[in-house]
Amino acid sequence: MNRFMQLHLLTSYPPSNLNRDDLGRPKTAEMGGAQRLRVSSQSLKRAWRTSDVFADAVGNDETRVISIRTRKAGLELIYPSLVERGVTDERARFWASHIQFAYGEAESSNEDRPDAELNTRQIAAIHPAESRKLNSFLDEVANAEQGETPSERVETIEKLIDKYESASTKAKKNAAKALRKKLVEYLLSSEGTAADTALFGRMLASNPDLNVEAAAQVAHAITIHKVAVEDDFFTAVDDLNEGIEDVGAGHMGETEFGAGLFYLYICVDRQSLLKNLGGDDQLVRRTLAALVEAAVKVSPTGKQNSFASRAYASFALCETGDQQPRSLSVAFLKPVSGTNLLEDGIKRLRDTRERMNQVYGDCADRDCSFNAVSGKGSLSEVIECATK
């Protein structure tokens with residue numbers, strides 16, 4: 001297996017607002033003296049890892065692993081699970097507020113947000129092996145709450161909770177640390193990492209030894225040409241307004257959008273991916289296949305109901321080898337112009353790659369591509385190249 005898999009994509013989006021900034025405008029970047037539309041890597045990765053395409057490609061058997069990323073483990077996972085197991089509401093909330101310590105520090109509770117103590121301050125990625133460990137522990141808690149002799153684990157946690165609850169202000173921090181340490185031992189794991197976590201990483205601020213270094217690096221997608229963000233003024237008509245007294249619209253608004261041909265670069269360190277997935281070579285291949293298929297098929301969800309801006313990649317180039325990876329974004333430092341953006345963009349990519357090979361030597365041992373407009377190549381061939 002070659003160490004690096006690099007993927008270069010060109011995807012054309014019609015008018016859209018896939019990824020918004022804090023003002024609701026499409027994100028942009030200045031490159032080569034021209035404004036470009038931009039879609040952040042965070043937006044892309046979330047769209048891919050939560051898609052049915054990714055889940056189906058990874059597989060739906062015992063080794064299928066997709067994580068849950070949440071701040072609401074206590075409120076949405078632990079508390080309702082205990083109630084379903086017959087634990088009273090009060091005791092379920094008690095246990096949930098403490099068990100979620102395993103995933104991070106709790107938010108401060110107040111009158112406006114009484115459930116805040118069931119949430120953590122940071123998002124935690126919980127992979128399926130950890131979900132199974134949590135469910136096993138919740139079974140033990142529920143049994144103890146219904147009168148059975150507490151298991152050793154439940155008894156240990158109960159004692160640590162008592163120490164934490166009764167600790168002085170000065171001793172509270174150490175008591176919380178001891179409780180979290182034991183919960184982490186029971187509920188978290190450095191093994192059985194999820195496919196998406198193996199690709200994109202995991203950070204647990206309170207348990208850095210369980211962090212996962214991402215095997216995939218995903219660039220921000222940018223248009224290969226200059227763009228202007230445009231305004232869309234829209235109205236909504238009141239169906240029951242007969243226009244007798246008020247002939248105006250029931251609602252008026254404005255949204256901003258842009259359109260363009262985006263270049264996206266992805267690089268995966270397959271050795272790191274193999275390590276993150278516990279040496280499971282077959283799962284590595286399925287994960288790579290899932291990433292490639294999701295990257296070429298799945299669009300970010302921003303404003304999709306307003307613009308229906310779903311798109312497949314028009315061109316994909318996959319490279320594999322042990323050589324140091326490099327992006328081909330320099331091909332578009334000078335904005336592409338004219339009416340044949342895709343054709344010119346593909347030519348720019350290929351020419352830049354060839355010239356880099358002339359200067360540095362071959363930057364990959366193997367490559368494969370498809371052009372969905374001309375009908376040359378296929379997705380299955382690119383996936384084979386990525387996983388071989």
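Counting Lys and Arg as +1 and Asp and Glu as -1, each charge on the Cβ, what is the dipole of region 69-187 about the Cα centre in debye, to the nearest 20? Display every interim value, and only then the final one.
Numbers: 20 positive and 21 negative charges, 145 e Å.
Taking the Cα centre of region 69-187 as origin, the dipole is about 700 debye.
Could you tell me which of rounded, prolate or oblate describes region 69-187, using a ≥ b ≥ c as the square roots of the eigenvalues of the alpha-carbon gyration tensor, with rounded for a/c under 1.5 and, failing that, prolate when a/b is larger than b/c and oblate otherwise? Walk me through the numbers before you get to the answer.
On the way: a/c = 1.30, a/b = 1.10, b/c = 1.18.
Here region 69-187 falls in the rounded category.
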- Task: State the number of lysine pairs found in region 119-255 whose Cα atoms come within less than 17 Å, restricting to pairs 8 or more positions apart or on distinct chains.
- Result: 16
- For Val336, residues with placed amide H under 5 Å, excluding near neighbours: His225, Lys226
- Note on the structure: For region 216-226, in residue order, the Karplus 3J(HN,Hα) values (coefficients 6.51, -1.76, 1.60; θ = phi - 60°; whole Hz; Gly and Pro = x) are 10, 10, 10, 6, 6, 6, 10, 6, 7, 9, 6
- Among [x] -0.33, -0.56, -0.68, -0.90; [y] -0.28, -0.50, -0.63, -0.93; [z] -0.23, -0.42, -0.54, -0.83, find the value of log10 I(q)/I(0) by the Debye sum over Cα atoms at q = 0.06, 0.08, 0.09, 0.11 Å⁻¹ that was calculated from the structure presented, and write down its label. [x]
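DSSP loop GluC sites (Glu not before Pro) in region 148-242 with at most 11 other Cβ atoms within 10 Å of their Cβ, which ones?
Answer by residue number: Glu148, Glu191, Glu242.
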- Folded to 0 to 90 degrees: helix 281-297 orientation relative to the chain principal axis, Cα: 60 degrees
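At a threshold of 8 angstrom on Cα-Cα distance, excluding pairs fewer than six apart, so keeping six or more, what relative contact order does the chain reach in percent?
Values: 709 pairs, mean separation 110.0, N = 388.
Relative contact order comes out at 28 percent.
Apply the a/c threshold of 1.5 to the C-alpha gyration tensor of region 304-388 and tell me whether it is rounded, prolate or oblate. Numbers along the way, then the final one.
Working: a/c = 2.02, a/b = 1.29, b/c = 1.57.
Oblate is the answer for region 304-388, as a/c is 1.5 or above yet b/c matches or exceeds a/b.
Between Glu191 and Glu148, what FRET efficiency comes out of the Förster formula 1/(1 + (r/R0)^6) with R0 = 35 Å and r the beta carbon distance, rounded to 0.05? Can you show the working numbers first?
Numbers: r = 30 Å, r/R0 = 0.84.
Rounded to the nearest 0.05, the efficiency is 0.75.
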- For region 145-207, which trypsin sites (Lys or Arg not before Pro) are in a loop by DSSP, counting at most 15 other Cβ atoms within 10 Å? Lys170
- Message: On C-alpha positions alone, give me the angle between the axis of helix 152-166 and the longest principal axis of the chain, in degrees, nearest 10.
- Response: 80 degrees
- For region 267-277, in order, what is each residue's ³J(HN,Hα) by Karplus, 6.51 cos²θ - 1.76 cosθ + 1.60 with θ = phi - 60°, in whole Hz (x at glycine and Pro)? 10, 10, 8, 6, 5, 5, 5, 4, 5, 5, 9
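In deg cm²/dmol and to the nearest 500, what is the mean residue ellipticity at 222 nm of the chain if only DSSP H runs of at least 4 residues count, each as -39500 (n - 2.57), divided by the residue total? Let's see the in-between values first.
Numbers: 13 runs with 145 residues, N = 388.
Calculated at 222 nm, the ellipticity per residue is -11500 deg cm²/dmol.
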- For region 274-342 and region 176-244, compute the distance between their C-alpha centroids and round to whole Å. 17 Å
- Message: Test of understanding: what is the full-extension gain from Arg25 to Asp52, defined as 0.36 nm times their sequence separation minus their Cα-Cα distance?
- Response: 6.9 nm
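FYI, it's all coordinate maths here, none of it is from the lab. These numbers come from a predicted model, not from an experiment. Here the Cβ is made from the backbone with ideal geometry for all residues, glycine too, and neighbour counts use every protein chain on show.
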